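Readers should treat all values here as calculations from the given coordinates under stated rules, not as data from a laboratory. Treat the numbers as computed from the prediction; the structure is a model and nothing was measured. Heads up, the Cβs are rebuilt from the backbone with ideal geometry, glycines too, and the neighbour counts pull from every protein chain shown.
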């Protein structure tokens, strides 16, 4: 893979008595689209501000292109930020806004106007140079904010929930455009969002953050299909969280576990008697009496919830626990409420997210 | 069109009456008076004359205008140099401390300004607090002449008008979105560059408002120079007061008042030009 362009080493940051970051380490590769995903207050914005130099960490180092920039002022760092509120200068027109960084670098005037025009083309706002920020729509401001940052040719572009203020339609469109822009320019993006769909859709890698820590870092497929923590399983997508205990380790490398009065299978390692917490994505649960995987869990249909594309079924298990199954909606025949059914899943889709004794 | 808009605004009547009786009529009275002749003993003679305006251009009077303007400019400059940084740091304090500090800025208004200027006399006189302290500390042997000079008047003016500058600039700085400054820093601006290219232009309305609010009164305030300047420092305000009350030359006093109003209007005109504000909303 490509070389590391940015690395965070064990960053700690406390605001007053509140610990915002407790030991964040991260390696970002040249040209990748990395998303930090987490609920508000998880420390993702603080991480971004520390990379930008707008906050300084209590301890830990920030390395940019191999140089320790921890104590550098923000203006000396070769990174630029697209702020959540865009932070366009209201007293400058669009061209002046985009050219701000170039003017500071004493770029010759003709060069500035050429680059500004180029950027306006790139973000599909040709001819908008003379407008003032308050004459633009939200989406247009967003584009100007991006142009103002990338015109400086940063080593890393930091984006703090840049699409947060846009409506759903525009969000989707901008997601596609941003991703395409990133590919074309080859700039490393560090993107912050609390929107899992956005993260899964755009990123090369996703870092899931909670309570000041990066819990898991991996490709979208990785973090979705193989969550390593209960938080990751519950924050992204819909999961059934099962508390089960190992009955035996099977020859094919799967585990047979007792759960809710029945038996289920999961991928992974363990020893008989060990108590585990499993995550099974709701759409991975299948209805069926005969299981090719050698187990079937009985249950009673408690309720259906039809959402157009998907049909969500809540099952009542023998011991009173509930299990959610997401299946295709449409014209499928379905079991009526109160009917007994059986479900199964591919053991590879049941992931261990917690073990007894580890929180 | 909306019919309501065409109706006579009944609610505005008391205000209109007030404005006509207490603002428009007195101003017209002053304007007319300035074109009359002074009577030998008391009052005016109803005879058109430009004498008062002609006398204004004698060196004695010109010196007073110059001194008044110079004092007003210095007062505005110093209140800005003290008030703007003060407002800047207050705006960065935590919420609760901010309101406390602003309260302390306003507290002096609860006392009569005359009393507060007498306070300065106590501080500045030969046997005053500052001189006594400096002698006791052995810094000086003989009392410094701190009172009854231009410097004392300037100090008094700055002291009296500083709150106006602070309140105007504070309201502008407080509204400034900190992320704009961060964006400037992020795009490569050092602290000073960010300050001059973002903070100052973004708070220009407050700066201009503060300057107007300080400049206009500092041309006309007379009691400060009376008390702290002795008889030496003559300002436009003192001159008008003297012409009207001491010399009893009413047309001259009126003419000087007219000139002062014109100058004030000029300042407001410059303010409007510079700040791009149509009215005086920025001040209010």
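See the values below:
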{"read-out": "FRET efficiency estimate (nearest 0.05) - Cβ-Cβ, residue B:98 to residue B:21, R0 51 angstrom", "value": "0.80"}
{"read-out": "Highest-first arrangement of B:33-46, B:68-81, where packing means the average Cβ count within 10 Å", "value": "B:68-81, B:33-46"}
{"read-out": "FRET efficiency for residue B:73 and residue B:109, using Cβ-Cβ distance with R0 set to 30 Å, rounded to 0.05", "value": "0.75"}
{"read-out": "Average beta-carbon neighbours from other chains, 10 Å sphere, peptide B:173-186", "value": "6"}
{"read-out": "Segment residue A:85-residue A:243, length gained on full extension (0.36 nm per residue, minus Cα span)", "value": "52.6 nm"}
{"read-out": "Inverse mean reciprocal Cα-Cα distance (Kirkwood Rh) of the stretch B:53-275, Å", "value": "19.7 Å"}
{"read-out": "Antiparallel content of DSSP bridges confined to chain A, in %, to 5", "value": "80 percent"}
{"read-out": "Model label zone, residue B:248; criterion: amide N under 18 Å from point 7 Å along Cα-to-beta-carbon; scope the stretch B:40-72", "value": "B:40-46"}
{"read-out": "Label zone at residue B:266, where the point sits 7 Å out along the Cα-to-Cβ direction: the stretch B:51-67 residues whose backbone N lies under 18 Å", "value": "B:53-67"}
{"read-out": "When the stretch B:147-284 is reduced to its Cα atoms, the Kirkwood hydrodynamic radius in Å", "value": "17.3 Å"}
{"read-out": "For the stretch B:24-81: rounded, prolate or oblate by the Cα gyration tensor [a/c cutoff 1.5]", "value": "prolate"}
{"read-out": "Computed helical MRE - 222 nm, chain A, DSSP H runs ≥ 4 contributing -39500 (n - 2.57), nearest 500", "value": "-7000 deg cm²/dmol"}
{"read-out": "Per residue convex hull volume, Cα atoms of chain A, in Å³", "value": "176 Å³"}
{"read-out": "Rg and Dmax [Cα atoms of the stretch A:11-54; Å; Rg one decimal, Dmax integer]", "value": "11.3, 37"}
{"read-out": "Test item: A:92-103 mean partner chain Cβ contacts at 10 Å", "value": "2"}
{"read-out": "Gain on full stretching of the segment that runs from residue B:200 to residue B:39 - 0.36 nm per residue minus C-alpha separation", "value": "52.6 nm"}
{"read-out": "Enclosed volume per residue, in Å³, of the convex hull spanned by Cα atoms of the protein assembly as shown", "value": "302 Å³"}
{"read-out": "For the stretch A:192-252, the fraction of alpha-carbon pairs in successive 5 Å shells from zero, as %", "value": "4, 17, 27, 20, 13, 9, 7, 4, 1"}
{"read-out": "In Å, descending, principal axis extents of the Cα set of the stretch B:205-265", "value": "41, 26, 12"}
{"read-out": "Cα long-axis angle, helix A:168-185 against chain A (0 to 90 degrees, to the nearest 10)", "value": "70 degrees"}
{"read-out": "Tilt relative to chain A, helix A:94-104 - C-alpha long axis, 0 to 90 degrees, to 10", "value": "70 degrees"}
{"read-out": "Using alpha-carbon coordinates, inclination of helix A:138-150 to the longest axis of chain A, degrees", "value": "70 degrees"}
{"read-out": "Highest average packing first - B:112-121, B:210-219, Cβ atoms within 10 Å", "value": "B:210-219, B:112-121"}
{"read-out": "Spin-label model distance (nm) - residue A:221 vs residue B:273, 7 Å beyond Cα toward Cβ", "value": "6.9 nm"}
{"read-out": "Stokes-Einstein D (µm²/s) once Rh is taken as the Kirkwood radius of the stretch B:131-180 over alpha-carbon pairs, at 20 °C in 1.002 mPa s", "value": "151 µm²/s"}
{"read-out": "Label-point gap, in nm, between residue A:314 and residue A:58 - each point 7 angstrom along Cα→Cβ", "value": "4.2 nm"}
{"read-out": "Value of [θ]222 nm, deg cm²/dmol, for chain B, DSSP H segments ≥ 4, -39500 (n - 2.57) each, nearest 500", "value": "-20000 deg cm²/dmol"}
{"read-out": "Label-to-label distance, nm, for residues given as residue B:127 and residue A:170 (7 Å Cα→Cβ offset)", "value": "7.5 nm"}
{"read-out": "Stokes-Einstein D for the stretch A:71-202, Kirkwood Rh over Cα pairs, 10 °C, 1.306 mPa s (µm²/s)", "value": "105 µm²/s"}
{"read-out": "Rounded to whole Å, sorted largest first: equivalent-ellipsoid semi-axes of the stretch A:238-355, Cα gyration tensor", "value": "25, 13, 13"}
{"read-out": "Cα convex hull volume per residue for the stretch A:1-92 (Å³)", "value": "129 Å³"}
{"read-out": "Theoretical FRET efficiency, 1/(1+(r/R0)^6), r = Cβ-Cβ of residue B:62 and residue B:7, R0 60 Å, to 0.05", "value": "0.70"}
